Amino acid sequence: LAPLERLGRPRAETAIRTLATFLDEQGSVTKTAQRLHLHRNAVTYRMRRITDLLGVDLDDPDQRLALQLACRARLLP
């Protein structure tokens, strides 16, 4: 998640919460948008930016799992 952290605290927090929600919702843009109270296009834009910054393939289950664990660890209180 280091590339996201380099965005600065507020933007990193938003990106990581978006990614975590997207992964929790099994990649559903619609459900992610509903949970985050965003338009679907906003989620699509954010996810494209996040995956570009991280250089990940969300179709790869191993990468998805690693990201989900990293997000959960990062968002612990």
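The values are calculated or read from the model by the stated rules, or taken from the named source; none is laboratory data. All figures in this text were calculated on a predicted structure; none of them were measured in a lab. These accessible areas exclude ligands, DNA and RNA; they are computed on the full protein's heavy atoms, side chains included. Shrake-Rupley method; radii C 1.70, N 1.55, O 1.52, S 1.80 Å.
Summed over the residues of the chain and divided among them, the accessible surface reaches 65 Å² per residue at a probe radius of 1.4 Å. A cut-off of 5 Å between modelled amide H atoms, ignoring neighbours fewer than 5 places along the same chain, links S28 with no other residue.
Over the chain, Cα pairs under 8 Å with separation of 6+ residues give a relative contact order of 33 percent. Using a probe of 1.4 angstrom, how much of the accessible area of the chain is carbon and sulfur, in percent? It is 52 percent, rounded to a whole number.
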